[in-house]
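*Asks:* Dropping a structure here in structure tokens format, bear with me for questions.
The values are calculated or read from the model by the stated rules, or taken from the named source; none is laboratory data. Since the model is a prediction, treat every value here as computed from it, not as a measurement. Counting neighbours? That spans all protein chains shown, and the Cβs are built from the backbone with ideal geometry, glycine included.
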Amino acid sequence: MDRQDEIIFSQAIRTADILVEMLGPKCEVAIHDFSNLERSLIYLAGTLTNRRIGSPITDLVLKELQREQDGAQDFANYKTVSKEGLVMKSSTVFLRNDSNKVIGALCMNIDISLMIQIGGEIQDFITFDSGIEDNKESFHTTVHEVIGDMTTEALRKFHKAATLLERDEKIDVIRELEKKGAFLIKGSTEYVASVMGVSKYTIYNYLQKVRTEVNLNKT
């Protein structure tokens with residue numbers, strides 16, 4: 001990490017600490033370094049999601065990176081739910097260097113479960129922005145969980161074992177995983193190959209076909 005990036009992440013960490021100190025135990029702020037997506041969580045203030053340093057990036061952020069890369073847009077006021085069932089109001093700010101390259105993110109979660117129960121006079125505070133609420137974001141503790149959940153979701157519509165899928169169906173699964181940014185994660189190719197009962201080279205061929213389709217559609 002160069003000096004400029006160190007300064008950016010240092011400022012983000014200070015911001016995380018002050019936000020949690022100001023808002024209290026109902027707040028959690030995570031700092032992610034995108035130089036290693038498999039272990040991107042480098043700092044966590046607060047404990048709402050029970051993650052640890054070295055946890056992977058969330059699927060929602062990964063999808064935005066895959067789709068927009070350095071043009072990724074910040075998310076504000078979207079709804080997330082922790083593994084423990086906490087309903088949270090969340091926002092993600094992408095961290096950029098002087099070249100406008102996205103190098104990480106500051107992600108803030110506020111537990112509003114009790115506020116939802118109280119309702120009424122705090123309705124404005126618990127209103128989520130339309131168009132963002134339906135985005136699914138999961139908080140994983142290992143990179144294997146990230147890949148596993150994405151693969152399970154992509155296979156769900158076929159209603160049969162992954163090994164029994166036809167070639168076109170398998171390519172459709174790869175197409176969906178590519179859209180979600182699954183193949184940005186190291187080891188994802190081997191994992192998907194094992195689930196489908198094919199070699200990793202077969203997955204590489206499917207992935208090349210999908211990426212060729214995408215490039216042709218852009219021209």
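*Asks:* Conditions: (1) under 26 Å from Ala72 (Cβ atoms); (2) of a type outside the set (D, E, K, R); (3) surrounded by fewer than 17 Cβ atoms within 10 Å (Cβ to Cβ). Asn205 meets all but one. Number of the miss?
*Replies:* (1)
*Asks:* Does Ala72 meet the test of being outside the structural domain of Val214 (by TED's automatic domain parsing), closer than 23 Å to Leu177 by Cβ and at pLDDT below 90?
*Replies:* Spelling it out, Ala72 is indeed outside the structural domain of Val214 (by TED's automatic domain parsing), closer than 23 Å to Leu177 by Cβ and at pLDDT below 90.
*Asks:* Of all residues in segment 82-95, which are assigned to a strand (DSSP E or B) and either touching a Ser or Thr at 6+ places or on another chain (Cβ under 7 Å) or surrounded by fewer than 15 Cβ atoms within 10 Å (Cβ to Cβ) (or both)?
*Replies:* Val87, Met88, Ser90
*Asks:* Still on this model: Quick one: which residue in Glu145, Glu169 is surrounded by 14 or more Cβ atoms within 10 Å (Cβ to Cβ), at pLDDT below 90 and part of a helix (DSSP H, G or I)?
*Replies:* Going through Glu145, Glu169 in turn, the sole match is Glu145.
*Asks:* Might you check whether a residue that is without any contact (Cβ under 8 Å) to a residue 24 or more places away in the chain, outside any strand (DSSP E or B) and among the hydroxyl-bearing types (Ser, Thr, Tyr) occurs anywhere in segment 58-73?
*Replies:* No: segment 58-73 contains no residue that is without any contact (Cβ under 8 Å) to a residue 24 or more places away in the chain, outside any strand (DSSP E or B) and among the hydroxyl-bearing types (Ser, Thr, Tyr).
*Asks:* Taking the condition at pLDDT below 90 and polar (S, T, N, Q), does Ser91 pass?
*Replies:* So Ser91 does not fit the description; no.
*Asks:* Now, a different point. Give segment 46-64 a look and list any residue that's surrounded by fewer than 19 Cβ atoms within 10 Å (Cβ to Cβ) and among the hydrophobic types (A, V, I, L, M, F, W, C), or say none.
*Replies:* Scanning segment 46-64 gives a single hit, Ile53.
*Asks:* Next up: Could you please find all residues in segment 172-188 being in a helix (DSSP H, G or I) and surrounded by 19 or more Cβ atoms within 10 Å (Cβ to Cβ)?
*Replies:* Passing the criteria: Val173, Ile174, Leu177, Glu178, Ala182, Phe183, Ser188.
*Asks:* Among the residues of segment 148-166, how many are without any contact (Cβ under 8 Å) to a residue 60 or more places away in the chain and either in a loop (DSSP other than H, G, I, E, B) or closer than 12 Å to Leu62 by Cβ (or both)?
*Replies:* Counting residues in segment 148-166 that are without any contact (Cβ under 8 Å) to a residue 60 or more places away in the chain and either in a loop (DSSP other than H, G, I, E, B) or closer than 12 Å to Leu62 by Cβ (or both) gives 5.
*Asks:* Among all residue pairs at least 6 apart or on different chains, which show Cβ distances below 8 Å where the first residue, located in segment 88-105, is farther than 17 Å from Ala16 by Cα and the second is in a loop (DSSP other than H, G, I, E, B)?
*Replies:* Pairs found: Val102/Phe34; Val102/Ala72.
*Asks:* Another one. Scan segment 13-57 for residues that are among the hydroxyl-bearing types (Ser, Thr, Tyr) and assigned to a helix (DSSP H, G or I) and report the count.
*Replies:* Number of matching residues: 1.
*Asks:* If you don't mind, another one. Answer yes or no as to whether Val198 is surrounded by 17 or more Cβ atoms within 10 Å (Cβ to Cβ) and more than 30 Å from Leu48 (Cβ to Cβ). Walk me through it before giving the result.
*Replies:* Numbers: surrounded by 17 or more Cβ atoms within 10 Å (Cβ to Cβ): yes; more than 30 Å from Leu48 (Cβ to Cβ): yes.
Yes; evaluated as a whole, the condition is true for this residue.
*Asks:* Listed residues Ser99, Ser130, Ser138; which is in a loop (DSSP other than H, G, I, E, B), modelled with pLDDT of 85 or more and either surrounded by 12 or more Cβ atoms within 10 Å (Cβ to Cβ) or in the same structural domain as Glu38 (by TED's automatic domain parsing) (or both)?
*Replies:* Only one candidate qualifies: Ser99.
*Asks:* Just one of (1) modelled with pLDDT of 75 or more; (2) within 30 Å of Leu44 (Cα to Cα) trips up Arg211, so point out which.
*Replies:* Only one criterion is unmet by Arg211, namely (2).
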